[in-house]
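There's a structure below that I have some questions on.
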Amino acid sequence: MNAPLKFVTVSTELLGAANIPCQTIVLAANLALSAGISETGTSTEAADVTEPKEQSRPSAKVVILMCMVKLLVTPALAIGGTVALMKSGCLGDPSKMDSMLVFNLLIWSAMPSAQALSMLYQMEGHKVATMQLAMIYAVQYAVAIATMTFWIGVVLNLVEDFQAI
């Protein structure tokens with residue numbers, strides 16, 4: 001079919017496909033800056049930005065606390081609340097719901113943070129906050145390997161139980 005405005009959807013898909021790689025590049029650049037790895041260039045502005053600053057590194061206590069809250073406490077509360085709502089019937093009959101919908105509904109809160117906030121900080125010129133957030137995200141993604149394995153197991157058991165009702 002030759003839709004007259006097909007170029008709009010095609011161009012939107014192309015722009016959307018570039019979103020994740022661009023965010024990953026920004027995150028990696030901010031991690032490099034916070035680690036003190038500098039760019040090679042003649043721009044004085046780039047030299048000012050790439051100097052490693054001690055205040056740009058969050059303390060270990062802050063990083064651990066943020067990972068615990070985002071990857072353990074928040075999913076426990078969200079999954080517990082969602083299960084309570086499903087058992088009370090507020091979300092409909094769980095046995096009639098699509099199991100993939102139930103899985104996504106329950107697992108969403110356990111996912112590590114996205115990079116959108118880092119991109120917004122970068123665009124607004126908050127360099128120190130961007131570098132701190134990049135370091136927190138890097139640790140969070142590493143820790144999320146273990147926590148996501150745990151939460152996926154929990155959620156799969158819950159989905160199986162709901163389908164058996």
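Only the coordinates and a few stated rules stand behind these numbers; no lab work does. Treat the numbers as computed from the prediction; the structure is a model and nothing was measured.
Can you give the alpha-carbon Rg of the range 61-165 over 2.2 N^0.38 Å, where N counts its residues?
Here the answer is 1.29, to two decimals.
Please list 3J(HN,Hα) in residue order for the range 91-102, calculated via the Karplus relation 6.51 cos²θ - 1.76 cosθ + 1.60 where θ = phi - 60°; whole Hz, with x for glycine and proline.
Rounded to whole hertz, the list is 9, x, 7, x, 6, 9, 7, 5, 5, 5, 5, 5.
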